[in-house]
Structures are given as C-alpha cells and as structure tokens.
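What follows is calculated from the coordinates using simple rules that are stated; it is not laboratory data. Just so it is clear, the model here is predicted, and its values are computed rather than measured. Virtual Cβ from ideal backbone geometry, glycine too; neighbours counted across all protein chains shown.
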Amino acid sequence: MIDVHCHLNFHAFEKDYDEVIKSAFKAGVTKIINVGTKIDSSFRAVEMAQKYPQLYAIVGVHPHHADKLEAGWELELEKLAKNPKVVAIGEIGIDYFRYKSNSIVDPKLQKETFIKQIILANKLKLPLQIHNRLAGKDILDILENHKPYLLNPPGMFHCMSGDLDSLKKVLDLGFYIGFDGNITYSGLAPGETVELKELVSYAPLDRIVTETDSPFLTPEPMRGVKNRPEYVIIIGEFISKLRGINFDKLRNQTTKNVKKIFSI
C-alpha cells in the first residue's frame, strides 16, 4: 500500500517520526508522501524526504494559511518544488468549514492563493493535491476556468467529500480520488449530505488512491489514538470489503493509480 497524504512533518511526530516511518515500511507500506501546508512545513517535508528513499514530499499552502503568508512566499515555494523528491503542489484548495482552531479565511484570499499555486504547478509540470471542505462549487469553478493549466492527469482530491454530483464532476476533470480513515466512521460528517461510504462505492477502482492524513482521521478500530501511515493498510482493507473485492486487487490497482499521478 502507498500512503499518498500524511503529515510526518507536524509536531505530533516530532519525537517519533523515524520509528513511525520504519514501522510503516515493516508493516507493508511501500511508499509514503509527506505533505506541507505552509512554507516551513513544506521545507520540513522536503528535508525529511531526502533522508528516506521511499519517502516523498508535496509542498504548498493550505487555505487555512492564505492569510498568514509573507512577501516572497511564491518564490520560496517554487524553489522548494524544484527538489527532485517533490511530486506535487499541495495541499491547496478552499475550506469553508469553521474549526475551533481556525476560523474561515477570507474566501477571496483563499481563491487567489489557490489559483497562484495552480499556475505554479503548471509551470513546474507537477500535479495538484487538492483540499476541499464545504467549498466544492468554488473549487470546481476555478478548476473549470483554469483547464489549460491542468496536467493529464491533473492530480487528486485529498480526503474526498461532498455529494455524488461533485464526485462525478471531479472525475470528469480527470482527477483521482483520495480516501482516508474517516470512511470507516458511521454517519454524516459535519456539513455533509452524503456518507463517505457512498462515494467509496461509486468511485471507479482505477481512480482511487489511499491516504491517512496522519496524525488525523485515524480509522476504526484504532480511532482515538494518533494516526500513522501504516494504518493505510486498514483503509485499504475497508475499501476492499466495501467494494467486495480481493485486498490484493485493491492494493495493486491503487499502487498503479498512484504511479499514474505522481513520479514515484
């Protein structure tokens, strides 16, 4: 299995990232992609990727940080993105969910930051890893209006959510779909109208990739502890059971899918 999205560069793993990475590979994870959310965490993701052959980095500015950027951030990001271990620009996008730790950033600013990073990704010929929470329409509008800047394939939607209509539009644009540990939870996520299991059941197998979003979104039955990249195997097993297919088939297909998106 491949974990296409985690945050080993976050403080939660400051003391044990080496053990966590080695444990994941020992458990059967073959590759891990570590994702930045602002300039400093993107730098850390690149730094860590250079220490482990099967660890890669994605760099970008999350919509939560669109209002905290300093002058020159675009040049810094471009410099980081040119590192050979960087496989995409992300996680970027729009987020209209009001968190306890982060209020909703000015939508205009979020959109501007998102568009700048789409253009940068095109310049560097890197795919996108997109974050969407309760902002599907605006994200899809921006992507539709910037089709000339999208690669083939254009990238993936991280931690897919929304309704089936949104999923269909994402697929029509050529994007792959990332599913995380929250697909194992019961009921609707806050602000959503469709259970994630419905999206998992609908998405074509040849467009699905697996991710953990560690240290967040720990899957059942491990929920309640810090998420780890090795739990991507639990997510893969859950998808295979939900879809009624052999786990090996799921693992092999998702691995092929990852390699179509990213140069790993």
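Under a model in which nothing but the beta-carbon of Lys, Arg (+1) and Asp, Glu (-1) is charged, the stretch 2-261 shows a dipole of about 640 debye around its Cα centre. Spread over its residues, the convex hull of the C-alpha atoms of the chain is 117 Å³ per residue.
FRET efficiency for D67 and S186, Cβ-Cβ distance as r, R0 = 25 Å, nearest 0.05?
Calculated value: 0.10.
Normalised by residue number, the volume inside the convex hull of the Cα atoms of the stretch 84-129 is 74 Å³ per residue.
Residues considered: I33, I115, I92. Largest GNM mean-square fluctuation over the chain, using C-alpha springs under 10 Å, is found at I115. Screening the chain for whole DSSP H helices of 18 Å or more along their axis (Cα) with average Kyte-Doolittle hydropathy at least -1.0 returns 107-124. Largest mean-square fluctuation among K147, K100, K197, in a Gaussian network model of the chain whose springs join Cα atoms under 10 Å apart, belongs to K100. Taking the three principal axes of the alpha carbon atoms in the stretch 34-186, the coordinate ranges are 40, 36, 30 Å, sorted in descending order. Run a plain Debye calculation on the stretch 188-256 (Cα atoms as equal point scatterers, no solvent) and give log10 I(q)/I(0) at q = 0.12, 0.26, 0.27 Å⁻¹, rounded to two decimals, same order as the q list. Taken in order of the listed q values, log10 I(q)/I(0) reads -0.33, -1.26, -1.28. What is the list of residues in the stretch 205-226 whose amide nitrogen lies under 18 Å from a point 7 angstrom out from the Cα of N252, following Cα to Cβ? Backbone N within reach: 205-210. Farthest toward the dipole's positive end in the stretch 19-142, which of A49, I92, I118, given Cβ charges of +1 (Lys, Arg) and -1 (Asp, Glu) about the Cα centre? Selected residue: A49.
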